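Peer 1: Dumping the structure here so I can ask a few things about it.
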Amino acid sequence: MVSPGEYIGMPVAEIDTPALLVDLDDLEFNIRKLAGHFEAAGKHLRPHTKSHKTPAIAHMQLQAGAIGVTCAKVGEAEVMADAGIDDVLIANEVVGRRKVERLMALARRCDIMAAVDHPDNLADLDAAAGAAGVSPRILVEVNIGHNRCGVLSSSDQALELCRAAHRAEHLRFAGLMGYQGHIVALEDADEREAGARECLQRLSDCAGRVKADGLPLEIVSTSATGDYYVSTTYDAVTEVQAGSYALMDAAYGRLGLGFRNAMTVLTTVTSRPTPEQVITDAGLKAATPEHGFPLVKLPSRDGVEVGWDPQGLRHLECESLSEEHGRLRAKGGPCHLQCGDVIEFIPGHGCTTVNLYDELYAVRGGRLEAVWPVAARGKVR
């Protein structure tokens, strides 16, 4: 068996499949693009690492100017702390004795933040921090329209929870967090931007009430890739948790934000049952379909990407995925692919596709340059 490290320098077409690839030129372009926007806007970027789960990429984002990183779970935060990253937000409530104990252990190693939306959880965290001799930062999560977690932004409870967090003996109240996940992937730009403004105004109004009450408000954290450019126009917002921009998937790609699809799944054609049908070795265990089936990217010939017809439409489409197979069908005539040919999928949803892989193969100019561990894979606790 060939180890991943032995692939270094190999042409992409020689990598065993299925394999998760990232094009370094495209990744670096995406990181530079968003970093430049935040520098010009005078706001902070705190990339969400649940999208790539890879410390090597997190360090690239930090080197480009990100203030810290965002994680979804304690396990992801532990991975980022292990990689030497100091400023980490867990954009989620940390509930349960074991998780709270791990949060306090993290507070000994890095400047950790967590979200709260209930006074009982706040009290548990304060007691645990006192017992552990640490003082993690706390963001009060407010519901600005997503209707998942968070205390209602316009309610007295939001201000009361902020007051309680500020009074906590062993916690540091750092500010607010709100997420408009229901609108950030809307394909209609006008609808997406109008929805973002409605949510961000709720967050801004809540921040105004907290400040008017005399409470310190260092951080107001929000947003995602889909509406980052709206968030940075709000004075109250201090930082944005965009994540998918770095790798980009097909779903976010449909928004036309100017980022490149840096991540693909390399897959081999294993069967040609009919002239129009193509079967590959990448199925549900290689690419997740909840945001749509993957787009098909074919090898380029003489600088022309042959996955496109003259009207810019794919002439080879994924019509279904089973556990181990991708089922593709050619549009408008037979397909030229043969068994053994290697093609690429652009996943419909990047975050959950990344979570299927142990390694990310970093390529440049058609050759493998590095193999990065997807170290936060499976860290769902």
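The values are calculated or read from the model by the stated rules, or taken from the named source; none is laboratory data. Since this is a predicted model, take the numbers as computed values, not measurements. Here the Cβ is made from the backbone with ideal geometry for all residues, glycine too, and neighbour counts use every protein chain on show. Please note that ligands, DNA and RNA were not included when accessible areas were found on the heavy atoms of the full protein model with its side chains. Shrake-Rupley method; radii C 1.70, N 1.55, O 1.52, S 1.80 Å.
Peer 1: With each pseudo-label sitting 7 Å past Cα toward Cβ, what's the residue 41-residue 24 distance in nm, one decimal?
Peer 2: 2.9
Peer 1: Counting only helical runs of four or more DSSP H residues, what would the 222 nm mean residue ellipticity of the chain come to if each run contributes -39,500 (n - 2.57) and the total is spread over all its residues?
Peer 2: Roughly -8500 deg cm²/dmol at 222 nm, from the helical runs in the chain.
Peer 1: Whole percent per 10 Å bin, from 0 to the bin with the longest distance: what is P(r) over all C-alpha pairs of the chain?
Peer 2: Each 10 Å bin holds this share of Cα pairs: 5, 23, 30, 22, 13, 6, 1, 0.
Peer 1: Continuing with this model, one more query. Under 12 Å from the Cβ of residue 360, count the other residues' Cβ atoms, weight Lys and Arg +1, Asp and Glu -1, and hand me the total.
Peer 2: With Lys, Arg at +1 and Asp, Glu at -1, the neighbours total -2.
Peer 1: Contact order normalised by length for the stretch 101-259, with contacts defined as Cα pairs under 8 Å and 6 or more residues apart; what percent is it?
Peer 2: That works out to 19 percent.
Peer 1: Within the stretch 116-198, what whole-number % of the accessible surface is contributed by carbon and sulfur, with the 1.4 Å probe and all protein chains included in the calculation?
Peer 2: 45
Peer 1: Still on this structure: With charges only on Cβ, +1 for K and R and -1 for D and E, what is the dipole size of the stretch 32-187 about its Cα centre, in debye, rounded to 20?
Peer 2: My answer is approximately 380 debye.
Peer 1: Determine the gain in length on full extension of the stretch residue 97-residue 323; use 0.36 nm per residue of separation and subtract their C-alpha separation, reporting nm with one decimal.
Peer 2: Contour length minus Cα-Cα distance gives 77.7 nm.
Peer 1: Here is a follow-up. Give, as ranges by residue number, the residues of the stretch 31-58 whose backbone N falls under 16 Å from the point 7 Å along Cα→Cβ of residue 109.
Peer 2: It comes to 54-56, nothing else.
Peer 1: Once you list every other residue whose beta carbon is under 10 Å from the beta carbon of residue 50, what net charge do they have if Lys and Arg are +1 and Asp and Glu are -1?
Peer 2: Local net charge: +2.
Peer 1: What accessible area per residue, rounded to a whole number of Å², is obtained for the chain using a probe radius of 1.4 Å?
Peer 2: That works out to 43 Å² per residue.
Peer 1: A further question on this structure: How large, in percent, is the carbon and sulfur part of the accessible surface of the stretch 221-273 at a probe radius of 1.4 Å?
Peer 2: Looking at the stretch 221-273 in its full context, I get 44 percent from C and S.
Peer 1: If you take every residue apart from residue 130 with its C-beta less than 12 Å away from the C-beta of residue 130, what net charge results, scoring Lys and Arg +1 and Asp and Glu -1?
Peer 2: Net charge around residue 130: -3.
Peer 1: How big is the charge dipole of the chain about its Cα centre, in debye rounded to the nearest 20, if each Lys and Arg gets +1 on its Cβ and each Asp and Glu gets -1 on its Cβ?
Peer 2: For the chain, the charge dipole is close to 480 debye.
Peer 1: Apply the Karplus parameterisation 6.51 cos²θ - 1.76 cosθ + 1.60, with θ equal to phi minus 60°, to every residue of the stretch 336-342 and state each ³J(HN,Hα) to the nearest whole Hz, in sequence, with x for glycine and proline.
Peer 2: Values, residue by residue: 7, 5, 10, 4, x, 5, 10 Hz.
Peer 1: Follow-up question, since we're still on this one. What's the angle, to the nearest 10 degrees (0 to 90), between helix 97-107's Cα axis and the longest principal axis of the chain?
Peer 2: With both axes taken from Cα atoms, the answer is about 90 degrees.
Peer 1: Using alpha carbons only, how many angstrom separate the centre of the stretch 280-294 from the centre of the stretch 37-110?
Peer 2: 28
Peer 1: Determine the gain in length on full extension of the stretch residue 82-residue 169; use 0.36 nm per residue of separation and subtract their C-alpha separation, reporting nm with one decimal.
Peer 2: 28.5 nm
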